[in-house]
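Novice: This is the structure, below, for whatever I ask next.
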Amino acid sequence: SKNLVIAIDGPAGVGKSTLARKLAERLSFFLLDTGALYRVMALDLLRKGISPEIPEIPEELLNDCDIRIEHENAQMRLFLRNEDVTALIREEHVGIAASKFSMRPEVRRALLWLQRRTAETGNIVAEGRDMGSVVFPWAQAKFFLTADLEVRAWRRFQELTDKGIKIEFQDVLEDMRARDFRDRTRSESPLVQAEDAISVDTTHMSADQVLDRIISIIREHT
Ligand code: C5P
């Protein structure tokens, strides 16, 4: 396709969402937050009474998940059967279910076309776990963000605490460790750095420093 794709991958809590949003704003690209799509799918399955532990998810249930994306500048609104679920999918239990459901090849397959179709509507910043490796192997720029586990857990802890959510740091840390393990060890599209991705360690960087770094790399390469 003639449209530009910037792929941003990395583990949970590494700062992908913040970077992707700021980058999309700066470049006037659409934002494609693919974690949000896994969350909508998880919400739909939970509502259908499907547990993440079910041995096999019936194909017709996956095909029947009606997701619509609306782009507003660098923001995404998500609709499930015409219901705006943008806020709902941020709930912790939906995130945990998304992490478990996303291990399944049938779930990943069901979301592949939706992700690729977005790239046909305009230039995009695509953010997730397998953007550069599987979904958009042809992306013109690929970034792989990393940061120490404790730092990622700390950022996530602050984010939740700022929202007024009462939670223990130790629980956030353990949840993040478990998510990392599931992301890296699943057989279908595990979290791996694409061969041609540029890796950026954000452990000691602020969100704005990461943005500046990425923009200067993009300028150097184009
Ligand atoms: O990034 P976020 O926490 O919103 O993603 C929810 C879950 O979806 C993650 O825990 C991750 O396991 C999964 N995911 C994925 N592939 C993507 C994006 C997210 O497996 N491209």
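Novice: Name the pairs: first residue in the stretch 177-191 and touching a residue at least 24 places away in the same chain (Cβ under 8 Å), second residue near the ligand (Cβ under 9 Å from one of its atoms) and of a type in the set (Lys, Arg), Cβ to Cβ under 6 Å, at least 6 apart or on different chains?
Specialist: Asp183/Arg129; Glu188/Arg108; Ser189/Arg108; Leu191/Arg129
Novice: State whether one or more residues within the stretch 141-151 are in contact with a strand residue (DSSP E or B) (Cβ under 8 Å, 6 or more places away or on another chain), in a helix (DSSP H, G or I) and within 16 Å of the ligand (Cβ to nearest atom).
Specialist: Checking the stretch 141-151: not a single residue is in contact with a strand residue (DSSP E or B) (Cβ under 8 Å, 6 or more places away or on another chain), in a helix (DSSP H, G or I) and within 16 Å of the ligand (Cβ to nearest atom).
Novice: Does any residue of the stretch 115-134 turn out to be free of Cβ contacts under 8 Å to residues at least 40 places away in the same chain, of a type in the set (Asp, Glu) and not in a loop (DSSP other than H, G, I, E, B)?
Specialist: no
Novice: Sticking with this one: Thr86 is checked against (1) under 23 Å from Lys16 (Cβ atoms); (2) more than 15 Å from the ligand (Cβ to nearest atom); (3) not hydrophobic (A, V, I, L, M, F, W, C) and fails just one. What number does that condition carry?
Specialist: (2) is the only condition that Thr86 fails.
Novice: Hey, another quick one. Looking at (1) modelled with pLDDT of 95 or more; (2) away from the ligand (no atom under 13 Å from the Cβ); (3) aliphatic (A, V, I, L, M), which is the one condition that is false for Ile54?
Specialist: Of (1) modelled with pLDDT of 95 or more; (2) away from the ligand (no atom under 13 Å from the Cβ); (3) aliphatic (A, V, I, L, M), only one is false for Ile54: (1).
Novice: In addition: From the list Ala97, Ala110, exactly one residue is surrounded by 12 or more Cβ atoms within 10 Å (Cβ to Cβ), modelled with pLDDT of 95 or more, over 21 Å from Ala20 (Cα atoms) and out of contact with any Phe, Trp or Tyr (no Cβ under 6 Å at 6 or more places or on another chain). Which is it?
Specialist: Answer to the check: Ala97.
Novice: Of the residues in the stretch 142-159, how many are closer than 14 Å to Glu127 by Cα and surrounded by 20 or more Cβ atoms within 10 Å (Cβ to Cβ)?
Specialist: 4
Novice: Search the stretch 18-33 for residues that are open to solvent by 70 Å² or more (accessible area, probe 1.4 Å) and pair each with any residue that is modelled with pLDDT of 95 or more and not basic (Lys, Arg) when their beta-carbon atoms are under 9 Å apart and the residues are at least 6 apart or on different chains.
Specialist: From the stretch 18-33, the pairs are Arg21/Leu31; Arg21/Asp33; Arg21/Val125; Arg21/Glu127; Glu25/Leu31; Arg26/Leu211; Arg26/Ile215; Ser28/Asn123.
The values are calculated or read from the model by the stated rules, or taken from the named source; none is laboratory data. Since the structure is predicted, the reported quantities are computational estimates derived from the model, not experimental observations. Glycine also receives a Cβ, built like all others from the backbone with ideal geometry; neighbour counts cover every protein chain displayed. Remember, those area values only see protein heavy atoms, side chains included, never the ligands or the DNA or RNA. Shrake-Rupley method; radii C 1.70, N 1.55, O 1.52, S 1.80 Å.
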